[in-house]
Amino acid sequence: MNGPILCDTTLRDGEQSPGVAFTAAEKISIARMLDEIGVPEIEVGTPAMGGEESEAVSGIVSLGLKARVLARNRALISDIDASLGCGVTVIAISLPVSDLQIERKLGRDRSWVLTQLCRSLKYAVRRGLSVCAGAEDASRADQEFLCEFARAAAACGAERIRFCDTVGRLDPEETFKKVSDLVSRVPLPVEIHTHNDFGLAVANALAGIRAGVQVVSTTVLGLGERAGNAALEQIVMSLKHLHGMETKVRTERLRPLCETVAQACGREIPPGQPVVGEAAFTHESGIHADGVLKDPALYEPYRPEETGGVRKIVLGKHSGRRALLHKLKELGLPLESLQVSDLLEKVRCLSLRRKRSLADWELSRLYEETFVLPDAVEPPCRGKV
Ligand code: MN
């Protein structure tokens, strides 16, 4: 079954992460990677910002990518002109739809929003642009007004509506209800854009997909405002393995993509990051390491090669005999199984002292100290491990 269209917004919402700023050259190279990996739509920035940002947008447009390139706009003629100036053919026009944002942020009312929507949409459509109408704060809006907004967008020529859970305040069940209702009542394809304030961005996006959206908004590593958005790599792998849906993304290139983006952010990928974290396919505890050596499916949801990763068995405080023997064999260090206990205790002890799993050189050294140079002085291990 074909999955939804991915609209990746790493270069727009992702870049709005606190402390993240991409140069034009970085944006261009990330855009190229997203295109090569098979992401069909990328939202690349906000031309109205001018300067390096609009240069980056123009630069990406001129690459002639297979992916559709979107630029983000407020419902202002000047924003649309700035997008036109960058040569984009697809834009998102964003307007708040919750009373809270309409009143407190803009000091306006619902009818002003509808007027502004139609005015900007018509202006853009007359100039040949395809437009996604972004309903900001849709999750906190009155659902009747949201539907009215969507119908107005359809009447004024929008190609789709973006349902934004702007402050990430939905859970999957609520998302499913609201999005199903919207999908059934408006004559436009719906996109879902979720935020991760409660750690539910991916779960909510998946619920939106079950509810019938045609487009899902993602960012690499889940970058984005505050706690971020739904992570591209998690959505792709969840669609494939949990929903049985294909996205045409070359998943084996997800890891290099994530590493490039992390580097451009000046951030490390946290070890426990789903899909692409260092720990995602690393096994230490005795039972798990023994399990994956028998059959990886026992403790892995899919093969690490699918995302460009590798399975690792590491030695540490929780290691067992089988993992140790496996590791020694890998390193070409022969050992009788009768001798394992001694070495295993030293492995656990050193790992506890260093508060991490051991590197190969550390294991080699312990091996030498134990069997090759048994008289070498060892630091004492405090306490029984
Ligand atoms: Mn957002």
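The values are calculated or read from the model by the stated rules, or taken from the named source; none is laboratory data. Treat the numbers as computed from the prediction; the structure is a model and nothing was measured. So basically every Cβ, Gly included, is an ideal-geometry build from the backbone, and we count neighbours across all protein chains shown.
Here are the numbers for the structure shown:
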read-out: Scope segment 307-327; condition buried (at least 18 other Cβ atoms within 10 Å of the Cβ), closer than 28 Å to SER238 by Cβ and not small (Gly, Ala, Ser); matching residues; value: THR307, ILE313, VAL314
read-out: Out of LEU223, LEU129, LEU170, sole residue that is of a type in the set (A, V, I, L, M), modelled with pLDDT of 95 or more, assigned by TED's automatic domain parsing to the domain that holds ASP109 and away from the ligand (no atom under 16 Å from the Cβ); value: LEU129
read-out: Whichever residue in segment 179-223 is acidic (Asp, Glu) and surrounded by fewer than 24 Cβ atoms within 10 Å (Cβ to Cβ) and, among such residues, is nearest to the chain's Cα centre (by Cα); value: ASP197
read-out: Members of segment 170-204 found to be closer than 14 Å to ALA227 by Cβ and in a helix (DSSP H, G or I), listed by number; value: ALA201, VAL202, ALA203, ASN204
read-out: Selection count, segment 132-167, where residues are aromatic (Phe, Trp, Tyr) and either farther than 19 Å from ALA211 by Cα or more than 16 Å from the ligand (Cβ to nearest atom) (or both); value: 2
read-out: Pairs, first more than 9 Å from ASP8 (Cα to Cα) in segment 35-56, second of a type in the set (A, V, I, L, M) and assigned to a loop (DSSP other than H, G, I, E, B), C-beta under 6 Å, six or more apart; value: ASP35/LEU65; ASP35/ALA67; ILE37/VAL249; GLY38/VAL249; GLY45/LEU11
read-out: Helices (runs of 4 or more DSSP H) (entirely within segment 236-345) containing at least 3 residues that are among the charged types (D, E, K, R); value: 321-330
read-out: Subset tally (residues that are within 27 Å of ALA153 (Cβ to Cβ) and either among the β-branched types (Val, Ile, Thr) or within 11 Å of the ligand (Cβ to nearest atom) (or both)) for segment 198-220; value: 9
read-out: Given (1) touching a helix residue (DSSP H, G or I) at 6+ places or on another chain (Cβ under 7 Å); (2) more than 18 Å from ALA92 (Cα to Cα); (3) part of a helix (DSSP H, G or I), number of the condition ALA153 does not satisfy; value: (2)
read-out: Matching entry among ARG250, ARG226, ARG255 (being surrounded by fewer than 15 Cβ atoms within 10 Å (Cβ to Cβ) and at negative phi); value: ARG250
read-out: Given (1) under 20 Å from the mean Cα position of the chain (by Cα); (2) farther than 30 Å from PRO40 by Cα, index of the condition GLU330 fails; value: (1)
read-out: Tally, over segment 226-270, of residues that are within 16 Å of the ligand (Cβ to nearest atom) and under 17 Å from GLY3 (Cβ atoms); value: 4
read-out: Filter pass, ARG119 being more than 16 Å from the ligand (Cβ to nearest atom) and either crowded, with 23+ Cβ neighbours inside 10 Å or in the same structural domain as GLY222 (by TED's automatic domain parsing) (or both); value: yes
read-out: Residue in segment 116-129 that is assigned to a helix (DSSP H, G or I), touching a Gly at 6+ places or on another chain (Cβ under 6 Å) and among the aliphatic types (A, V, I, L, M) present; value: yes
read-out: Residue under evaluation GLN273, criteria (1) within 16 Å of the ligand (Cβ to nearest atom); (2) surrounded by 15 or more Cβ atoms within 10 Å (Cβ to Cβ), criterion not met; value: (1)
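Let's see how each residue does on (1) within 16 Å of the ligand (Cβ to nearest atom); (2) under 19 Å from the mean Cα position of the chain (by Cα):
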{"site": "SER17", "(1), (2)": "yes, yes"}
{"site": "ALA24", "(1), (2)": "no, no"}
{"site": "LYS27", "(1), (2)": "no, yes"}
{"site": "GLY50", "(1), (2)": "no, no"}
{"site": "GLY59", "(1), (2)": "no, no"}
{"site": "SER83", "(1), (2)": "no, no"}
